[in-house]
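Enquirer: Can you keep this structure in mind? I'll have questions shortly.
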Amino acid sequence: MMNKQGRPSQPQSDNASKSFETFSGHRGLQQEEGIIFDRARSGETGVDLPIPGSRPSRLGGLERTEEIGLAGLSEPEAVRHYVRLSQKNYSIDTGFYPLGSCTMKHNPRLNEKVARLPGFADIHPLQPVQTVQGALEVIDTLAHWLKELTGMPAVAMSPKAGAHGELCGLMAIRAALEAQGDARKVVLVPESAHGTNPATAAQCGYAIKTIPAADDGLIHLDELKAQLNDEVAAVMLTNPNTCGLFERDIVAVADAVHAAGAYLYCDGANFNAIMGKVRPGDLGIDAMHINLHKTFSTPHGGGGPGAGPVVLSAALAPYAPVPYIVNEGDGYHVIETEEQSDVSPLGRMTAFYGQMGMFTRALTYAMSHGADGLRQVAEDAVLNANYVLAKLKDLFSAPFGDRCMHECLFDDAFLKDTGITTLDFAKAMIDEGYHPMTVYFPLVVHGAMLIEPTETESKETLDRFCQVMRSLALEAKDGQSDRFTQAPQYTPRRRLDETQAARNPVLRWLPPKSDDISPLQAAE
Ligand SMILES: *Cc1c(COP(=O)(O)O)cnc(C)c1O
């Protein structure tokens, strides 16, 4: 079939493309990529260093005695290896990325431009503070925006991810309780919480108790009240929660928590749904982290660098960690140690002030949108998610009704008796060129599919996506299970043994012991 420009609109027939193996192992311009060490030659290097003369060693016997073990490649070989790997990545710049809870927004290019200005990009945290007044002002101005948006009096800027912000918030809660001489031992976490919530509480030495979800996907208020007592240090609640629903009883929750002498931690990963609409401080929240890489459009960057500033209520503000920035009219100063502080910092979370490159990007995002623009971000994020829900709900199964916040949740009831699982469905989406939605999370519904489009996607993108999703759902119901159970077919690798990869990761390449042992076997 030809398209209007006379080019074939299909990449040949299916059989033709599968009928021969190439000599090279490559498939067209999809190049097969091995492990860099398998390609390497010992004694080879891409840089040209002079042979060192003989000098007395100053390393005190700590000199390396063995080969350094770097892969020996020429510069072009090394460049190609990493560029080819990067091209195998799916990214927000490649296509739609509807990963629920993770908020994969477009990263505006303006953010990147500002972050690369030499005055921001080329400074060092050990420079004297008089020489980095502008950078400190950026941090302080972003702090101001975050406090205004959340209605909270203080913010700790240094935590480097959402989970790190949770740790900071719970450490502040623990410090406040200890200052009252109160050694409470328990943190309550709803069933639908992100795994980082109980992990954080455990890291802080607390026992975790789970609050079951009510039938409507919200926190079970009576169950919460029944579990609140003078052993409970904090409740960790996500709002909007991970089912994409606003916790309507949040004020009653806060009142009950405070009446029990405990603190309310809010997981703010979904703040993008309510920014400019509701101020968490007005809801009685004591601490909440904000993932700048979610709500404020900074890159997720392969797990880092992130930034997770945590806003704190008046009760917790004195315990915010060092370093923090003050300005009493004579320029910016940094309070570096607990001794310099006139309050009671919980200590230090990070080496320096936090992720400067993320702060410049997030402030650029905030200032380029303005207060009204940020409110519209939240409104459009919610609108887009409801659009997807409305387009899919007749073929998919939506357990919690037909309204949602910034993400919509389906379970696997629509796949009943098809022999197809949520995982199979997700793999079939990869063949269609889509990064799957979040699957099997939250745990409160069976075979969860959590879709978050974000406000940065156009209606056309969402229409195309929903069209593909509908077609897949119809195929599944029609009994075409091979398309799902055999998927993915068009990726460089097919199904991986994910359990094996998670339980027994091979993280280190070791040279094969002899020609007939593969490197992976040798590493075991
Ligand atoms: C992303 C997320 C977290 C953890 O944040 P990181 O920045 O990835 O550490 C915690 N809770 C929820 C609900 C999230 O979506």
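The values are calculated or read from the model by the stated rules, or taken from the named source; none is laboratory data. Computed from a predicted model, the values in this text were never measured in an experiment. Positions of Cβ are backbone-derived with ideal geometry, glycine not excepted, and every protein chain shown enters the neighbour counts. Only protein heavy atoms, including side chains, enter the accessible area calculation; ligands, DNA and RNA are left aside. Shrake-Rupley method; radii C 1.70, N 1.55, O 1.52, S 1.80 Å.
Enquirer: Rank 211, 68 by accessible area, highest first, at a 1.4 Å probe radius? Walk me through the numbers on the way to the answer.
Expert: Details: 211 0, 68 100 Å².
Sorted descending by solvent-accessible area, the residues read 68, 211.
Enquirer: How big is segment 444-506 by Rg and Dmax over its Cα atoms, in Å?
Expert: Final numbers for Rg and Dmax: 15.7, 42 Å.
Enquirer: On average over all directions, what projected area in square nanometres does segment 73-181 have, based on the convex hull of its Cα atoms?
Expert: Numbers: hull surface 49.3 nm².
Average projection, Cα convex hull of segment 73-181: 12.3 nm².
Enquirer: Now for a different question. Counting only protein heavy atoms and using a 1.4 Å probe, what share of the accessible area of segment 372-496 belongs to carbon plus sulfur, as a whole percent? List each step's numbers first, then the result.
Expert: On the way: 2790 of 5640 Å².
The value for segment 372-496 is 49 percent carbon and sulfur by accessible area.
Enquirer: Continuing with the same structure: Heavy atoms only, probe 1.4 angstrom, no DNA, RNA or ligands counted: give me 20, 246 ranked by accessible area, highest first. Intermediate results must be reported in sequence, preceding the final value.
Expert: Working: 20 135, 246 55 Å².
Ranking 20, 246 by accessible area, largest first, yields 20, 246.
Enquirer: OK, next. Give me the accessible area of residue 369, 1.4 Å probe, in Å² rounded to the nearest 10.
Expert: Spelled out: residue 369, probe radius 1.4 Å, area about 60 Å².
Enquirer: Local charge sum around residue 394 (other residues, Cβ-Cβ under 12 Å, Lys/Arg +1, Asp/Glu -1)? All intermediate terms of the calculation are to be shown ahead of the outcome.
Expert: Details: positive: 391, 393, 470, 477; negative: 402.
With Lys, Arg at +1 and Asp, Glu at -1, the net is +3.
Enquirer: OK, next. If each DSSP helix of 4+ residues adds -39,500 (n - 2.57) and the sum is divided by the residues in the chain, what number results at 222 nm, nearest 500 deg cm²/dmol? Don't skip to the answer; put the middle values down first.
Expert: Working: 16 runs with 176 residues, N = 524.
Value at 222 nm, helices only: -10000 deg cm²/dmol.
Enquirer: I would also like to ask the following. Can you work out the accessible area per residue across segment 33-73, with the rest of the protein chains kept in place, probe 1.4 Å, in square angstrom? Could the numbers behind the result be given before it?
Expert: Values: 3840 Å² over 41 residues.
It amounts to 94 Å² per residue over segment 33-73.
Enquirer: Rg and Dmax of segment 110-365 over Cα atoms: what are they, in angstrom?
Expert: 18.1, 57
Enquirer: For a test of understanding, tell me how many lysine pairs in segment 110-365 have Cα atoms under 25 Å apart, given they are 8 or more places apart or on different chains.
Expert: The number of close lysine pairs in segment 110-365 is 10.
Enquirer: Can you work out the accessible area per residue across segment 466-515, with the rest of the protein chains kept in place, probe 1.4 Å, in square angstrom?
Expert: On the way: 3780 Å² over 50 residues.
For segment 466-515, the solvent-accessible area averages 76 Å² per residue.
Enquirer: State in Å² the accessible area per residue of segment 159-308; use a 1.4 Å probe, count heavy atoms of protein chains only, and round to the nearest integer. Numbers along the way, then the final one.
Expert: Working: 4980 Å² over 150 residues.
Accessible area per residue: 33 Å².
Enquirer: Report in % the part of the accessible area of segment 77-233 that belongs to carbon and sulfur, leaving out ligands and nucleic acids; probe 1.4 Å. The partial results should precede the final answer.
Expert: Numbers: 4020 of 7470 Å².
Roughly 54 percent of what the probe reaches on segment 77-233 is carbon or sulfur.
Enquirer: From the residues 492, 408, 204, which one has its Cα farthest along the dipole of the chain in the positive direction, the dipole being from +1 and -1 charges on Cβ of Lys/Arg and Asp/Glu about the Cα centre?
Expert: 492
Enquirer: Quick one: Cα convex hull volume of the chain, Å³ per residue? Write down the numbers at each step before the final one.
Expert: On the way: hull volume 119.5 nm³, N = 524.
In the chain, the Cα hull volume divided by residue count equals 228 Å³.
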